[in-house]
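The values are calculated or read from the model by the stated rules, or taken from the named source; none is laboratory data. Just so it is clear, the structure is predicted and the values come from calculations on it, not from any experiment. Cβ placement follows ideal geometry from the backbone for every residue including glycine, while neighbour counts extend to all protein chains displayed. Only protein heavy atoms, including side chains, enter the accessible area calculation; ligands, DNA and RNA are left aside. Shrake-Rupley method; radii C 1.70, N 1.55, O 1.52, S 1.80 Å.
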Amino acid sequence: MDNEAVEQADEPNYVAGPWWTDLGTWGAIALIAFGGIATAWVFFRLPGTPQEPASGYHGAAKLIAIGVVTAGCTLMSRRRGQPTTIENTNEQEHA
């Protein structure tokens, strides 16, 4: 291991994880949009498109998939943090 990896692991705020863990909802939406733009770029064969279109579509699909999963996880964690109205009604009836 190099010294940089050891220094990062010793920092108190260092969390090992994928690069997309801190994106949040807007970051996920941006990834989905960027994946859509990349798909259109490959479809219209604009400059910079790979020779094999399947590899371009594969990269765009990975961006969209990461964006969808990140958005879903972020929204589900927010939803779990808030009590539902049915639970509130049941609590009021028992009181």
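Miscellaneous remarks
- Look at (1) assigned to a helix (DSSP H, G or I); (2) of a type outside the set (V, I, T); (3) at pLDDT 90 or above; (4) open to solvent by less than 80 Å² (accessible area, probe 1.4 Å) and you find that N90 fails only one, number (3).
- For segment 37-49, the set of residues classified as exposed (fewer than 13 other Cβ atoms within 10 Å of the Cβ) and in contact with a Phe, Trp or Tyr (Cβ under 7 Å, 6 or more places away or on another chain) is empty.
Yes/no per residue for (1) surrounded by 10 or more Cβ atoms within 10 Å (Cβ to Cβ); (2) modelled with pLDDT of 95 or more:
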position: E7; (1), (2): yes, no
position: D10; (1), (2): no, no
position: A16; (1), (2): no, no
position: G35; (1), (2): yes, yes
position: Q51; (1), (2): no, no
